[in-house]
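Heads up, the thing below is written out as structure tokens.
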Amino acid sequence: MNSTANTATSNQAARTARTAVAASTIGSILEYYDFFVYGSLSALVLGQLFFPAHDAGVSALLSLASFAVGFVARPVGGILLGHFGDRIGRKPLLLFTFLLTGTVTVIIGLLPTYAQIGIAAPLLLVALRILQGIGIGGEWGGAALLAVEHAPAHKKGLYGSLVQAGAPIGVILSSGSVAVLTATLSDEELLAWGWRVPFLASALLLLVGLFLRFKVAESPEFDQVKQERTESKLPVWQAIRLYPKQILTAILIHTSDTTLGLIQGVFILGYASGALGMDPTIVLVANIFSSITNLITTPLAGALGDRIGQKRVVSMGLIGLALWAFPMFLLIGTESVLGLFIAMGIGGMLVGWLFAGQATLFAAFFPAEVRYSGMSLGFQIGTVVGGGFGPVIAQALTGAAGGDTWLVSLYVLVVASAALIATQTVKTRHEPTSRTTSQRKEHA
């Protein structure tokens, strides 16, 4: 009888864990789809539609600045929503962040343009970008935790990496949708209505994600925190005060993969098609190929982390990044299609390798009562430093070197080395498994 009951309980836990990882992964896909659809369209058409100017360059700059606003808002979302995620639970916050992010994206697709309502159009667009950035800032930490805290002990790395795999899927979907539009529509059709389609299409992901997230149960670890009444009154402050080294390490680790990812996705796109004169379509396809190798590598690295430890896997990725910093640009500099694809493919593999274990590793940095806040803070600041500033720094260093990229390679090497040193010296004492009350009080 007991054996039957235990089997039923085990099967129910496994089903719940699978639902949790599915709900979290669909959120990750929507997050990156929304963010990169906006990035692609901001470079192509949004400047003309919402930021008209006599100088096309000024219009494009203002449009890209509205893209950057979303990056700046992400740490704000991580702090605000991380606080409530540690106070009232992972599930309600994940429903809120998903609904906020998805709804804002659909509304952007319905916005009237500057020609229709004047200055109100860009103001509304920037306001929506801020809200989208806040929602995305709180999304990752909760999604990662819902998957990792529900996962069986021997599959936490794999389940966490499946959430991370949502990133390349979102990039592939966003790049693919924009590529289809630009290939099938005229410039007039794209400006008239075509640009709205990718934003409105995100409603499908929103509906599927909400259905899954309503079904999933609250994290068992947060349930334990509630039962023992060990919630932190100010979890963000407690995380900063007690775990500054863990937060700094999370920032440095995530800065490494976002630096490489955004240098590939933004800087190299412009450098290869502009300075090297390569076909822009080929460069875009190479970038999609990078996301494919990223997607393949991510769950493999996550599963390996379950066998040898996520800290070791991340360290291997950082060593690989340091060694790859100079050969990457040497290959791209050959101006050959094969060299470009090899460089982008290996770069995608490294991004996936570094990204795969972060959900599980960062969860191990913090106790459950401040985990949402600590993880979100480290991850989102790393996103801003690597993703927001990485391409800009790369462009500035190339200019300073007279068009050569050796300073960019040196910059990537320094980022990887700093993250590796931090990873080797940080302690991971808070594995995301059930802990006793006395253990919790020890870290309060």
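The values are calculated or read from the model by the stated rules, or taken from the named source; none is laboratory data. Everything numeric in this text was worked out from a predicted model, so none of it was measured. Cβ atoms come from the backbone with ideal geometry, glycine included; neighbour counts cover every protein chain shown. Surface accessibility is based on the protein's heavy atoms, side chains included, excluding ligands, DNA and RNA. Shrake-Rupley method; radii C 1.70, N 1.55, O 1.52, S 1.80 Å.
Of 36, 222, 84, which has the most accessible area with a 1.4 Å probe, and how do the rest follow in descending order?
Ranked from most to least accessible, the order is 84, 36, 222.
Name the shape class, rounded, prolate or oblate, that the alpha-carbon gyration tensor gives for the stretch 68-108, where a ≥ b ≥ c are the square roots of its eigenvalues, rounded holds for a/c under 1.5, and otherwise prolate holds if a/b is larger than b/c and oblate otherwise.
In terms of gyration-tensor shape, oblate.
Which of the peptides 131-140, 150-159, 401-410, 193-202 is most tightly packed, and how do the rest follow, going by the mean number of other Cβ atoms within 10 Å of each residue? Don't skip to the answer; put the middle values down first.
On the way: 131-140: 26.9, 150-159: 21.0, 401-410: 15.7, 193-202: 19.0.
For the peptides 131-140, 150-159, 401-410, 193-202, the packing ranking is 131-140, 150-159, 193-202, 401-410.
For residue 323 and residue 281 in the same chain, what is the full-extension length gain: residue separation times 0.36 nm, less their Cα-Cα distance, in nm?
Result: 12.2 nm gained on full extension.
Where does the chain land at 222 nm, in deg cm²/dmol rounded to the nearest 500, when only DSSP H runs of n ≥ 4 count, each adding -39500 (n - 2.57), divided by all residues?
Only helices count here, giving -26000 deg cm²/dmol.
Given the pairs 215/427; 91/233; 226/427; 155/233; 156/245, which are separated by over 28 angstrom at their Cα positions?
215/427; 155/233
Using a 7 Å offset from the Cα along the Cα-to-Cβ direction at both residue 189 and residue 204, what is the distance between the two label points in nm, to one decimal?
Simple spin-label model gives 1.8 nm for this pair.
Could you sort 245, 91 by their accessible area in this structure, using a 1.4 Å probe and putting the largest first?
Of 245, 91, the descending order of accessible area is 245, 91.
When a/c reaches 1.5 or more, the comparison of a/b and b/c decides; with that in mind, is the stretch 119-196 rounded, prolate or oblate per its Cα gyration tensor?
oblate
Treat the stretch 281-364 as a sphere of radius equal to its Kirkwood radius over Cα pairs and apply Stokes-Einstein at 37 °C in a medium of 0.692 mPa s; give the translational diffusion coefficient in µm²/s, rounded to a whole number.
Reported coefficient: 249 µm²/s.
Under the rule a/c < 1.5 gives rounded, and otherwise a/b versus b/c splits prolate from oblate, where does the stretch 186-342 land using the Cα gyration tensor?
Here the stretch 186-342 falls in the oblate category.
Taking the structure as given and computing P(r) over Cα pairs in 20 Å bins from 0, in percent, which label from (i) 27, 57, 16, 1; (ii) 26, 62, 12, 0; (iii) 23, 51, 21, 4, 0 fits?
Structure-derived value, by its label: (i).
Mind ranking 97, 281 by accessible surface for me, highest first, 1.4 Å probe?
I get 281, 97, largest accessible area first.
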